[in-house]
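K.L.:
Before anything else, here's the structure in question.
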Amino acid sequence: MSEPLILLRDIKKVFVVGKITYEVLRGINLEVFAGDFLAIMGPSGGGKSTLLYILGLLDKPTSGSYFFEGREVSTLSEAEMARLRNQKIGFIFQAFHLVPWATALENVLLPCLYRGNIREEDRLRAQALLERLGLADKMHLKPAELSGGQQQRVAIARALINKPSLLLADEPTGNLDSKSSQEVVKILKELNEEGLTIILVTHDPEVAKTSKKIKILKDGVFVEG
């Protein structure tokens with residue numbers, strides 16, 4: 001069997017606030033293979049977003065091992081981690097996190113800017129992504145001029161611009177109406193069918209059903225559905 005894209009072994013995350021210790025993740029074990037589509041569900045406060053931030057290299061576990069494409073993440077320097085995050089991992093958030101003064105096209109190109117430069121091929125790819133997502137006539141509009149569903153599609157294009165191995169989505173339909181939610185879910189399903197690995201956090205059972213596998217995270221551990 002092929003090596004997993006992601007391998008977590010006994011991941012724990014502890015937050016200390018004053019004299020109080022919060023054990024948010026209490027020993028997470030997980031294997032995710034290339035092409036998987038995993039939905040993580042569970043009650044609020046169960047550790048879902050914390051786990052997603054660790055997977056996305058936006059946070060570090062207190063203990064345990066995280067292997068991404070066979071490399072132990074804790075052995076990487078901050079610069080190597082930032083490069084891995086920029087080139088291999090795409091993020092979609094509930095709140096979109098678009099830059100308000102930038103156009104849709106400029107927002108999509110931001111990860112290329114963080115990488116160091118924007119090439120003509122990046123600009124063409126950004127335009128092609130926006131066209132594919134039904135935003136061909138919205139490229140030069142700013143976020144305030146777009147609907148919530150359109151803003152989330154811009155965020156999806158931004159997440160895909162560097163051709164990531166992994167797409168992480170934290171409640172991507174949480175701020176959308178039902179029609180826009182269905183459109184976003186359809187896009188995610190198509191991307192997965194094309195081979196993109198997706199890990200999705202959601203409270204919506206209908207959104208979770210789109211995935212190939214569902215895991216329930218409760219009180220910092222995975223439990224049987």
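K.L.:
7 Å from Cα along Cα→Cβ at both Lys12 and Leu110: what's the point-to-point distance in nm?
P.N.:
Between Lys12 and Leu110, the simple spin-label model gives 3.6 nm.
K.L.:
Can you tell me the FRET efficiency between Lys218 and Tyr22 if r is taken as the Cβ-Cβ distance and R0 is 22 Å, rounded to the nearest 0.05?
P.N.:
Efficiency, rounded to the nearest 0.05: 0.90.
K.L.:
Can I ask one more? Among all the lysines, which ones have a C-alpha under 26 Å from Lys213's C-alpha, if same-chain residues fewer than 8 places away are not counted?
P.N.:
Partners found: Lys12, Lys13, Lys48, Lys60, Lys88, Lys163, Lys179, Lys186, Lys189.
K.L.:
Hey, any idea what % of region 186-225's accessible area is carbon plus sulfur with a 1.4 Å probe?
P.N.:
On the way: 1130 of 2230 Å².
Roughly 50 percent of what the probe reaches on region 186-225 is carbon or sulfur.
K.L.:
Assign one of three labels to region 6-143, namely rounded, prolate or oblate, based on the Cα gyration tensor with a ≥ b ≥ c the square roots of its eigenvalues; rounded applies when a/c is under 1.5, prolate when it is not and a/b is larger than b/c, and oblate otherwise.
P.N.:
prolate
K.L.:
Which whole-number percent is the relative contact order of the chain (Cα, under 8 Å, 6+ apart)?
P.N.:
Working: 420 pairs, mean separation 68.4, N = 225.
Relative contact order, the chain: 30 percent.
K.L.:
Further question on the same structure: Roughly how far apart, in whole Å, are the Cα centres of region 111-129 and region 157-219?
P.N.:
Centre-to-centre (Cα) distance: 23 Å.
K.L.:
A further question follows. Which order do the peptides 109-118, 182-191 come out in when sorted by mean C-beta neighbours inside 10 angstrom, highest first?
P.N.:
182-191, 109-118
K.L.:
Same structure, new question: Does a label point 7 Å from the Cα of Glu69, set along Cα-to-beta-carbon, have any residues of region 165-185 with amide nitrogen under 11 Å, and which are they?
P.N.:
165-166
K.L.:
Leaving ligands, DNA and RNA out of it, rank Asp170, Asp219 by accessible area with a 1.4 Å probe, largest first. Before the final figure, lay out the partial values.
P.N.:
Values: Asp170 20, Asp219 95 Å².
Sorted descending by solvent-accessible area, the residues read Asp219, Asp170.
K.L.:
Which percent of the accessible area of region 1-78 is formed by carbon and sulfur heavy atoms (probe 1.4 angstrom)?
P.N.:
On the way: 2100 of 3970 Å².
About 53 percent, which is the carbon plus sulfur part of the accessible surface.
K.L.:
Sticking with this one: Just tell me which aspartates and glutamates come within less than 17 Å, Cα to Cα, of Lys142; anything on the same chain fewer than 8 places away is out.
P.N.:
Glu106, Glu131
K.L.:
Along the Cα→Cβ direction, 7 angstrom out, place labels at Glu121 and Gln87. What is the inter-label distance in nm?
P.N.:
1.3 nm
K.L.:
Can you compute the charge dipole magnitude of the chain about its Cα centre, using +1 on each Lys and Arg Cβ and -1 on each Asp and Glu Cβ, nothing else charged? Give it in debye, rounded to the nearest 20.
P.N.:
Details: 29 positive and 28 negative charges, 53 e Å.
Dipole magnitude for the chain comes out near 260 debye.
K.L.:
Evaluate the distance, in nm, between pseudo-label points positioned 7 Å from the Cα of Lys60 and of Glu193 along their respective Cα→Cβ axes.
P.N.:
Each label point is offset 7 Å from its Cα along the Cβ direction, giving 4.2 nm.
K.L.:
Which of the listed residues, Gly149, Ser181, Met139, is farthest toward the dipole's positive end in region 138-184, when Lys, Arg count +1 and Asp, Glu count -1 at the beta-carbon?
P.N.:
The Cα lying farthest towards the positive end belongs to Met139.
K.L.:
While we're here: Please compute the per residue accessible area over region 121-216 with all protein chains in place, 1.4 Å probe, rounded to a whole number of Å². Could the numbers behind the result be given before it?
P.N.:
Working: 4420 Å² over 96 residues.
Accessible area per residue, region 121-216: 46 Å².
The values are calculated or read from the model by the stated rules, or taken from the named source; none is laboratory data. Values in this document were obtained by computation on a predicted structure and should not be read as measured data. Ideal geometry is used to build each Cβ from the backbone, glycine not excepted, and the neighbour counts take in all protein chains shown. Areas reflect the complete protein model, heavy atoms only, side chains present, ligands, DNA and RNA absent. Shrake-Rupley method; radii C 1.70, N 1.55, O 1.52, S 1.80 Å.
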